[in-house]
Amino acid sequence: MLAIDSISVHLPGFSLKAVSFSVGPSDIFALLGPTGSGKSVLLEAVAGLLHIQSGRVSLRERDITKLPPESRNLGLVYQDHALFPHMSVQENILYGARYHKISETVRRNRFERLTQRLRLESILRRNPLTLSGGEKQRTALARALMLNPQALLLDEPLSALDQVFRDDIRQMLKGLQRELAIPFILVSHSFSEVLLLANKGAVIRNGRLQQSGTVEDLFERPRSAFVASFVGMKNVFPCTIAGDDIQAGGITLRKQEAPAKGHTHVAVRPEEIELLSRDSSGGENVLQGTIKELDCQGFYYLAAVQIGSLVLQAYWTRQLVRQANLRPGQNVAIEIPARAVHTFAEPA
Amino acid sequence: MLSAARGWFSPLLFFLSLPFILLITMPLGELLTSSGLSSLVQTLQDPQVLRALSRSIGTSLAAACICLAFGTPLAYLLARRRFPGKRLVEGLVDLPIMIPHPVIGIAILSLAGRYHPFGRFLSEIGIEIMGTYTGIVTVLTFVGLPFYVNTVKSGFEAIPVRLENASRSLGAGMASTFARITLPLAWRSMLLGMIMCTARAISEFGAIVIVAYHPMTAPVLIYERFTAYGLKYSQPVAVWLVLISFCLFVLMRLFSRPCETAYAGH
């Protein structure tokens, strides 16, 4: 277990304030946030590369807050891989071995296992500068894992990679986490990436943790408009609660369980909004509206549907748009399933 | 490219740049062609010239080595650490470039002379500055250190700090990281710094003439021959000094090639 307890870091022009969360041995924990939110600062503080003003970092019940980075036994993989350009791939992987008491046999076995597992055997003599993005990432992973770290910290592990390497590394990371059973913390600014890779996470903004929990919680039950929009919940509106009714912009919605009285906002994910056939009517959360815009986004269309004074955004497949012959100005019936309606109170 | 170069502006730029190019090339060209080969060879057979040239090279290299030993930690400190008064230290490092060089000589003599407690202390432990090799090397280190420190500082700054962070996360301490990551990646800038320091030192005259007229370095010898015997007699020695400087210049150009490929992707 890697536990971060109320740590604060002060840098010129930026502060990380009282951040807490914990990551178990079976967790891939994602630190999410926009650029400049403090994700990488937090990662470097946990790694011991930045001074922690207050708070505590513990790894397997051991307080490591004051330890220098070389004594923490944490693996760190940077977004740009930070491979040593004056060493070969093999030298990079073996770089840290001399600083750890690893017997020659264990060292050799681990090296062979890792290079085989990460498919590096054929590039061991190459210079890192000549490697592809995926090869660099695998080398950086092997270099960190060679020392059998008790936790692995990954700074944007997929963002510098082409799509073709991204899927490969994603699967590799998942597999490694299962095999090693150590906490993984990864930094990302892409929620879709996190959704495919992590099981827990936290959203950070301006150095403050906004929300943490399971990825599903962040995805489906955001606790603020910022988190909601960051995790792709495009439909976030102020609302009033009247009994079981949620009223926003002249429309009334219902959710599965009764909404809490103090909730001030309603949110719906765009992919949860269903297009109904023309003759559909009645039913819970069935609404009539007009398509304002249809924006093709590759496999999907993002449809803007005007209902009352609200404009709801919905993701519909190309096939659906083609079959229903949808076009701007057209009247449509949509349904928002009660399970997809989420309310929350915007923090002060 | 061609179309972009058309019009009156580019020719105007060339025209206005020409005086500077001529200002550099014409006097040096004249100097290099003024002495015949036989005169140059003959000059080099003169023991006084040989001693002055080798003294200049030796003391300049010694100054560069001192800069390597003490300037490297300072350059790393300035490149990597934040500390109170950092801007002041950076300014101090640049100061020798701005001060007139005879003033540097006078300042060093003021401190190291027999009327100053520090000078008396040096004298007591057997270190003499006035008219000694020690004095020459001190002066040359003084004038060369800004070139070394600033060049090496830029070299350190060009190395991504993430490489050092990665090294530390792999178990290497700060000293090991410096030795195994930073130094091998910075050697080029250190060498360049040494070359620049040597080149600057080898041409120093103003401060040396105050601190140590004797033993005579090449620039002082040129000055002496010029004042005692005239232009013609000083020219061949000057040509040799220019040729040595030119070799250093070629080395400097070789090592100052951009090395961005080394950190591609970082």
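Residues that are open to solvent by 20 Å² or more (accessible area, probe 1.4 Å), within 11 Å of chain A (Cβ to nearest Cβ), closer than 30 Å to A:L153 by Cβ and not aromatic (F, W, Y): does the range B:143-160 have at least one? No: zero hits.
Which of the residues spanning the range B:71-96 are open to solvent by 70 Å² or more (accessible area, probe 1.4 Å), closer than 19 Å to B:M174 by Cβ and not basic (K, R)? Explain how you work it out, then say what you get.
Step one: of the range B:71-96, the residues open to solvent by 70 Å² or more (accessible area, probe 1.4 Å) are B:73, B:77, B:81-82, B:84, B:87-88, B:92, B:95.
Pick out the ones that are also closer than 19 Å to B:M174 by Cβ and you get B:73, B:77, B:81-82.
Scanning the range B:71-96 gives B:P73, B:L77.
For A:L154, the criteria (1) within 11 Å of another protein chain (Cβ to nearest Cβ); (2) within 30 Å of A:S22 (Cβ to Cβ); (3) touching a Phe, Trp or Tyr at 6+ places or on another chain (Cβ under 7 Å); (4) not acidic (D, E) hold in every case but one, which is (1).
Within the range B:1-107, which helices (runs of 4 or more DSSP H) (wholly inside it) include 1 or more residues that are basic (K, R)? Can you show your working first?
Numbers: elements: B:2-5, B:9-34, B:37-44, B:47-66, B:72-80, B:86-98.
Counting at least 1 such residues, we get B:47-66, B:72-80, B:86-98.
Scanning the range A:89-141 for residues that are away from chain B (no Cβ under 13 Å) and either hydroxyl-bearing (S, T, Y) or touching a His at 6+ places or on another chain (Cβ under 7 Å) (or both) gives A:S103, A:T105, A:T115, A:S122. Residue count for the range A:175-199 satisfying the condition of being buried (at least 16 other Cβ atoms within 10 Å of the Cβ) and not in a loop (DSSP other than H, G, I, E, B): 13.
For the range A:222-272, enumerate the residues that are open to solvent by less than 20 Å² (accessible area, probe 1.4 Å), aliphatic (A, V, I, L, M) and under 23 Å from the mean Cα position of the chain (by Cα).
Within the range A:222-272, the subset open to solvent by less than 20 Å² (accessible area, probe 1.4 Å) is A:222, A:224, A:227-228, A:231, A:233, A:235, A:239, A:246, A:248, A:251, A:253, A:259, A:266-270.
In the following step, the residues that additionally are aliphatic (A, V, I, L, M) were identified as A:227-228, A:231, A:233, A:246, A:248, A:251, A:253, A:266-268.
A:V227, A:A228, A:V231, A:M233, A:V266, A:A267, A:V268, listed by residue number.
Consider the range A:24-50 and keep the residues that are of a type in the set (V, I, T) and crowded, with 20+ Cβ neighbours inside 10 Å. The one that is farthest from the other protein chains (Cβ to nearest Cβ) is A:I28. If the condition is being outside any helix (DSSP H, G or I), without any contact (Cβ under 8 Å) to a residue 24 or more places away in the chain and open to solvent by 70 Å² or more (accessible area, probe 1.4 Å), then the range A:301-348 contributes A:N325, A:A348. Filtered by the rule that a residue be open to solvent by 90 Å² or more (accessible area, probe 1.4 Å) and either part of a helix (DSSP H, G or I) or at pLDDT 85 or above (or both), the range B:255-264 gives B:E260, B:T261.
Remark: B:T134 falls outside the filter, which requires a residue to be touching a residue at least 40 places away in the same chain (Cβ under 8 Å), of a type in the set (S, T, Y), part of a helix (DSSP H, G or I) and open to solvent by less than 70 Å² (accessible area, probe 1.4 Å).
The values are calculated or read from the model by the stated rules, or taken from the named source; none is laboratory data. For clarity, every value in this text was computed on a predicted model and none was experimentally measured. Neighbour counts run over all protein chains shown; Cβ positions are idealised from the backbone, glycine included. Accessible surface is based on the protein model in full, side chains and every heavy atom, while ligands, DNA and RNA are left aside. Shrake-Rupley method; radii C 1.70, N 1.55, O 1.52, S 1.80 Å.
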